[in-house]
Amino acid sequence: PGLGALLRVVSRIRRGLVPAPGTPGHWPRGESVLPKGIPMNTRPSTARPPLAMIDHEADILTTLAERTPALRTMLLAEIERATLHDAAAIPRDVVTMNATIDFTDDANGSARTVQLVYPADADFEAGRISIMTPVGIGLIGLREGQSIVWPDRDGRERRLTVTRVEQAPQQQHA
C-alpha cells in the first residue's frame, strides 16, 4: 500500500472507525503512524502545545499533504498529534480552516491578522494564508493564548502566539 492508503487508515483510526493503537488488529503501542523513512528533521525541537482539529478537515489536510512533499512531514506530524473532533464539538477558540487569527511573531514582535485558507483561496496581499505554508501548519489546531516554536521558510525557529480566533460565519463551533 502507498502513502495515501496509509494516511487514510491513520485518519480512520484517529476518528475511532478502526481499532485503536494497542488493540488487536493494530500496530504495537508507541510505533509512529508515519511511514518509516520520512525524515523528521523538520519538526521543531521544543515541546509543542496540544492541538485540536476538526475530523473532516484533518482528512482534507492529509490529502493535501500527500501532494506537497516539501511540507508533508510537518503537516502529517501535526495531524498525527492532534485530537480530532466533530465540527460541532470543537471549541470556538481553536484555529480551524477559514478562521481569522490574530497572532504575534515573537522573533520580530510583529502582530498579524490572517485568515487560514486552503491553497486555492490563498492571497497574501488580502491576508489569506494557505495552510500549506510553514506558518499555516504551525497555527492550525492552536487555541487562543497558546504559543508554538515553529520553523519559518528559512528554517529559523520562531515563537508564534495566538491572541484571538474568529470562526468564519459558516463554521461557528461549540
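The values are calculated or read from the model by the stated rules, or taken from the named source; none is laboratory data. The structure displayed is predicted, hence computed values, not measured ones. Using ideal geometry, Cβ is built from the backbone for each residue, glycine included, and neighbour counts are taken over all protein chains shown. Protein only, heavy atoms only, side chains kept; ligands, DNA and RNA dropped before computing areas. Shrake-Rupley method; radii C 1.70, N 1.55, O 1.52, S 1.80 Å.
With every protein chain left in place, what is the accessible area per residue of the range 45-174 in square angstrom, probe 1.4 Å?
44
Return the percentage of antiparallel bridges among DSSP beta bridges fully within the range 84-167, rounded to the nearest 5 %.
Expressed as a percentage, antiparallel bridges in the range 84-167 total about 85.
For the charge dipole of the range 92-149, defined by +1 on Lys and Arg C-beta atoms and -1 on Asp and Glu C-beta atoms about the Cα centroid, which residue among A122, G145, V135 has the Cα displaced farthest towards the positive pole?
Toward the positive end, the furthest listed residue is G145.
Could you rank T73, T163, T100 by how accessible they are, 1.4 Å probe, largest area first?
From most exposed to least exposed: T163, T100, T73.
Share of the range 40-137's accessible area from carbon and sulfur, percent, 1.4 Å?
It is 53 percent, rounded to a whole number.
Restricting things to alpha carbons, find the Rg to Rh ratio for the range 48-133 using the Kirkwood radius for Rh. Please list the in-between numbers first.
Values: Rg = 13.2 Å, Rh = 13.8 Å.
Here the Rg-to-Rh quotient is 0.96.
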